[in-house]
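J.: If you scroll down you'll find the structure; I have some questions about it.
Each reported figure results from applying straightforward, stated rules to the coordinates on display, with no laboratory input. Small disclaimer: the values here were computed from a predicted structure and weren't measured. Cβ sites come from the backbone with ideal geometry, for glycine too, and all protein chains shown count toward neighbours.
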Amino acid sequence: MFTDRRVLKRLDKMLDDGINGTFEESDYDETRLSKLEFKWLRYLTSSKLSAQKTEQDRERLKELVSDISHQTKTPLANILLYTQLLQEQSLDEQCLHLAEEIQKQSEKLEFLIQSLVKTSRLETGTFQLSPKENDVNDIIESVIGQIASRADSKHIQILYAPEHYVAKYDSKWTQEALFNIIDNAVKYSPERTAITVMAKSFEMFVCIAVSDNGAGIAENELPSIFGRFYRGKNVREYSGVGIGLYLSRQIIEGQGGYITVESTEGKGSVFKMFIPR
Ligand code: ADP
């Protein structure tokens with residue numbers, strides 16, 4: 001009975017150490033352990049090793065992504081520079097068209113690499129989201145300002161009546177999440193239509209809703225649009241790589257919020273970002 005209690009106490013301590021991450025195999029003398037304690041010891045040792053390996057893999061992935069981004073920066077900047085120089089030469093129409101295509105594809109590649117780096121940094125926790133209390137009006141006005149000229153070129157009106165609600169969010173990243181949603185609304189709407197942005201406060205969340213009268217999304221595609229690199233079947237003529245909504249969702253869920261979408265194909269969509277108060 002006395003021995004049983006001692007064994008139980010040791011098992012209890014092993015488990016506590018395992019839970020707290022303070023477990024050290026060297027704290028226990030294997031020759032003095034019962035069969036059950038010995039099994040516990042093996043189990044906790046192997047789970048500690050596997051946690052260490054996961055951490056090492058994560059570190060390696062971070063380094064790899066940072067190397068890719070660093071090493072591709074200069075060649076890509078050079079390709080863009082040479083393409084610009086090429087376009088300044090007296091080229092015939094066909095060559096000029098080819099040079100423009102090289103420029104477009106290089107810009108797309110640059111955007112893709114930057115998006116992958118952001119995604120990976122958010123996933124591996126290299127970029128910390130730091131939510132602070134802010135008026136949502138700040139990011140809404142800033143994003144509308146950034147998109148205004150693109151909307152103007154399609155004669156699209158962005159309607160917004162300023163509302164002042166305070167929520168807890170990381171200003172830089174949440175702005176990026178909202179930018180992706182309003183940018184899509186402009187991209188997937190026909191000319192001379194309107195987009196409405198509205199803010200509303202609920203008990204737990206502040207909601208920013210973006211409604212458009214654009215292409216809409218087929219019901220069977222709705223579950224896929226937040227997936228990485230997913231692009232709608234009917235949007236191939238528009239530029240894009242299918243990462244915007246994925247990033248937006250990562251950013252908002254990373255702060256304890258969520259995004260919803262309602263859409264009717266051919267009529268329009270409503271994206272709602274719920275940010276914790
Ligand atoms: P991208 O716009 O680069 O394709 P996103 O991740 O931003 O990538 O969007 C994924 C897909 O969701 C788009 O390809 C498109 O099919 C659909 N989508 C997103 N926003 C809208 C919108 N406002 N109207 C219609 N379709 C949209």
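J.: Could you check segment 253-265 and list, in sequence order, the residues that are out of contact with any Asp or Glu (no Cβ under 9 Å at 6 or more places or on another chain) and within 10 Å of the ligand (Cβ to nearest atom)?
T.: The answer is Val261, and nothing else.
J.: Within segment 194-216, which residues are within 22 Å of Asp152 (Cα to Cα) and in a loop (DSSP other than H, G, I, E, B)?
T.: Within segment 194-216, Asn213, Gly214, Ala215, Gly216 meet the criteria.
J.: Further question on the same structure: Please verify whether Phe229 is within 10 Å of the ligand (Cβ to nearest atom) and surrounded by fewer than 21 Cβ atoms within 10 Å (Cβ to Cβ), treating the condition exactly as stated.
T.: Considered against the rule, which asks whether it is within 10 Å of the ligand (Cβ to nearest atom) and surrounded by fewer than 21 Cβ atoms within 10 Å (Cβ to Cβ), Phe229 comes out as yes.
J.: Starting from segment 209-235, take each residue that is under 26 Å from Glu163 (Cβ atoms) and list its partners that are in a loop (DSSP other than H, G, I, E, B) and near the ligand (Cβ under 6 Å from one of its atoms), counting only C-beta distances under 8 angstrom and pairs at least six apart or across chains.
T.: Listed pairs, sorted by first residue: Asp212/Tyr188; Gly214/Tyr188.
J.: Report whether or not Val210 is touching a strand residue (DSSP E or B) at 6+ places or on another chain (Cβ under 8 Å) and more than 13 Å from the ligand (Cβ to nearest atom).
T.: The answer is no for Val210.
J.: Touching a residue at least 24 places away in the same chain (Cβ under 8 Å), among the polar types (S, T, N, Q) and within 23 Å of Phe229 (Cβ to Cβ) - does that describe any residue in segment 88-110?
T.: Yes.
J.: Further, regarding this structure: Are any residues in segment 183-194 within 9 Å of the ligand (Cβ to nearest atom) and of a type in the set (A, V, I, L, M), and if so, which ones?
T.: Ala185, Val186
J.: Taking segment 213-226, which residues are among the charged types (D, E, K, R) and near the ligand (Cβ under 9 Å from one of its atoms)?
T.: The one that is among the charged types (D, E, K, R) and near the ligand (Cβ under 9 Å from one of its atoms): Glu221.
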